[in-house]
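Colleague: Sharing a structure below in structure tokens format, with a few things to ask.
The values are calculated or read from the model by the stated rules, or taken from the named source; none is laboratory data. Bear in mind that the values here come from a model prediction, so they are computed numbers and not experimental data. Cβ placement follows ideal geometry from the backbone for every residue including glycine, while neighbour counts extend to all protein chains displayed.
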Amino acid sequence: MRAKFLKKVWVAILSAFLVLSQAAVSFAGTSRTMEPEDYIFFMVFRACGVSLDKYNITPWAEAYKGYLESTHNNALLSRINGYSNLSWGDTAHGIDTLYKSVKSWLSLSGSYGTTARCYSLPSSVLPLGPDPSLPWPDTRVSSRKADVPCNDPDYVYLFSMVTNDPSEDLYEIVNYYAPKGQEIVGHYFNPYYPYVDCSHVEFYARSGSGYSQVLLKYNCCVYNFSGVLQEASPELSDIRNLTGIKVRTVPNLPIKVFSSLSDIENYFKTGNARNVFSSGSYSLYLPSDNGFNVGLQKINDCQVGESLSLPGSPSGYWNKLYSTTDLKTFIS
């Protein structure tokens, strides 16, 4: 009896709050501090002339891992995944190979070696959901709609997202609707929480000679993993943006998603869609004008050691991470 009661309570909570959890609960469950793997990627990207911050490092690293998947470089991908098992004070190996691979990947963008801040880079796209093997709160673009109608004649269906909880044998599909007769585009931007691949997409449409942000509407259903409907919430609510979106999910959205507002403005003025996410190309933005070192980017014979000694603890990693002396030790 208690198990059934808890199941009903969970369905009610999921139906009412899971959409909002994409903005809050998912971050609370995934926000973390720097790990050795983050430090390794920081140092390697810096040696390549790309300086990322704690809000950008994970999406860039995940996009790079997607590139390794698309090129079937399983050996290097396996080594990188093994970095997650390292502790502070350990030694990471294969750093020279990782450096050459990351630099080669960055070089595929025409921005590399220039002062441009937007990089279009190849990667692979995560599969559509629902997938019972995914851990909560992994959110994907859904392959199916929720079984609820849109009762507002001024809005039309745009896409659906799915978030699942395998431990409860439940997943929620959320339908999103856009104002009728408007072309909706997205703006991808980085997370507010460090070291997570949980970014945001906000929505815009043409407004006069410019553009303005628009609200979407949504409703949802909760199912078990047998596909049986558990709860329906047909009432429409407003939402300003998607949150907790993994970078490799963005290309599955059936709209143009840009990496900067200036690109959205240019698109509505000229019709030229530049720096757009697609199934084969990711549009990633450097956090500031200090995010690149063109001199390092143009060096082709830079030598990086095979191994990297990690700091003994995370307490002093920031000074080491941004130390020019330490970078010169790392590369030659």
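Colleague: When the residues of segment 260-280 are filtered to those that are at pLDDT 90 or above and of a type in the set (Ser, Thr, Tyr), which remaining residue is surrounded by the most Cβ atoms within 10 Å (Cβ to Cβ)?
Modeller: The extreme case among them is 267.
Colleague: Mind checking which residues of segment 71-105 are touching a Gly at 6+ places or on another chain (Cβ under 8 Å) and not β-branched (Val, Ile, Thr)?
Modeller: If the condition is that a residue be touching a Gly at 6+ places or on another chain (Cβ under 8 Å) and not β-branched (Val, Ile, Thr), then 76, 79, 88, 89, 96 are the ones that fit.
Colleague: May I ask you to list the residues in segment 227-247 that are farther than 16 Å from residue 163 by Cβ and among the charged types (D, E, K, R)?
Modeller: 235, 238, 240
Colleague: A further question on this structure: Is it the case that segment 100-110 has a residue that's over 18 Å from the mean Cα position of the chain (by Cα), assigned to a helix (DSSP H, G or I), among the charged types (D, E, K, R) and at pLDDT 95 or above?
Modeller: yes
Colleague: Checking the conditions here, which among 164, 219, 175, 224 is within 25 Å of the chain's Cα centre (by Cα) and under 17 Å from residue 136 (Cα atoms)?
Modeller: It is 164.
Colleague: Something else: For a quick check of your reading: which strands (runs of 3 or more DSSP E) sit entirely within segment 118-220 and have at least 1 residues that are crowded, with 20+ Cβ neighbours inside 10 Å? First the steps, then the outcome.
Modeller: Details: elements: 118-122, 139-141, 155-165, 170-179, 185-189, 199-207, 210-213.
Ranges flagged: 118-122, 139-141, 155-165, 170-179, 185-189, 199-207.
Colleague: Among the candidates 287, 254, 234, which residue alone is out of contact with any strand residue (DSSP E or B) (no Cβ under 6 Å at 6 or more places or on another chain) and either over 22 Å from residue 124 (Cβ atoms) or at pLDDT 95 or above (or both)?
Modeller: Residue meeting the stated conditions: 287.
Colleague: In segment 39-62, what residues are touching a Lys or Arg at 6+ places or on another chain (Cβ under 7 Å) and part of a helix (DSSP H, G or I)?
Modeller: If the condition is that a residue be touching a Lys or Arg at 6+ places or on another chain (Cβ under 7 Å) and part of a helix (DSSP H, G or I), then 62 is the only one that fits.
Colleague: Anything in segment 86-99 that is farther than 20 Å from residue 197 by Cβ and either assigned to a helix (DSSP H, G or I) or free of Cβ contacts under 8 Å to residues at least 24 places away in the same chain (or both)? List them, or say none. Give the steps one after another, and end with the answer.
Modeller: Restricting attention to segment 86-99, the residues satisfying the condition of being farther than 20 Å from residue 197 by Cβ are 87-97, 99.
If the condition is that a residue be farther than 20 Å from residue 197 by Cβ and either assigned to a helix (DSSP H, G or I) or free of Cβ contacts under 8 Å to residues at least 24 places away in the same chain (or both), then 95, 96, 97, 99 are the ones that fit.
Colleague: Looking only at segment 215-261, which residues are polar (S, T, N, Q) and under 25 Å from residue 193 (Cβ atoms)?
Modeller: 237, 241, 243, 249, 252, 259, 260
Colleague: Criterion first (within 26 Å of residue 193 (Cα to Cα), among the hydroxyl-bearing types (Ser, Thr, Tyr) and touching a residue at least 60 places away in the same chain (Cβ under 8 Å)) does residue 120 satisfy it?
Modeller: It is true that residue 120 is within 26 Å of residue 193 (Cα to Cα), among the hydroxyl-bearing types (Ser, Thr, Tyr) and touching a residue at least 60 places away in the same chain (Cβ under 8 Å).
Colleague: Another question, then. Does residue 133 fit the bill of being without any contact (Cβ under 8 Å) to a residue 24 or more places away in the chain and among the polar types (S, T, N, Q)?
Modeller: The answer is no for residue 133.
Colleague: Do you know which of the residues in segment 66-82 that are closer than 24 Å to residue 245 by Cα and touching a residue at least 24 places away in the same chain (Cβ under 8 Å) is surrounded by the fewest Cβ atoms within 10 Å (Cβ to Cβ)?
Modeller: 70
Colleague: Residue 305 is checked against (1) closer than 25 Å to residue 96 by Cβ; (2) at pLDDT below 90 and fails just one. What number does that condition carry?
Modeller: (2)
Colleague: Continuing with the same structure: Among the numbered criteria (1) out of contact with any strand residue (DSSP E or B) (no Cβ under 6 Å at 6 or more places or on another chain); (2) of a type outside the set (A, V, I, L, M, F, W, C); (3) surrounded by fewer than 20 Cβ atoms within 10 Å (Cβ to Cβ); (4) at pLDDT 90 or above, which one does residue 53 miss?
Modeller: Here residue 53 clears every test but (4).
Colleague: Okay, next question. Out of all the residues in segment 234-290, which are within 30 Å of residue 130 (Cβ to Cβ), assigned to a loop (DSSP other than H, G, I, E, B) and without any contact (Cβ under 8 Å) to a residue 60 or more places away in the chain?
Modeller: Those that are within 30 Å of residue 130 (Cβ to Cβ), assigned to a loop (DSSP other than H, G, I, E, B) and without any contact (Cβ under 8 Å) to a residue 60 or more places away in the chain: 240, 278.
Colleague: Let me ask something else. So residue 92 fits all but one of (1) in contact with a helix residue (DSSP H, G or I) (Cβ under 8 Å, 6 or more places away or on another chain); (2) surrounded by fewer than 19 Cβ atoms within 10 Å (Cβ to Cβ); (3) among the aliphatic types (A, V, I, L, M); what number is the exception?
Modeller: Result: residue 92 passes all but (2).
Colleague: Find the residue count for segment 234-257, including only residues that are among the small types (Gly, Ala, Ser) and surrounded by fewer than 21 Cβ atoms within 10 Å (Cβ to Cβ).
Modeller: Count: 1.
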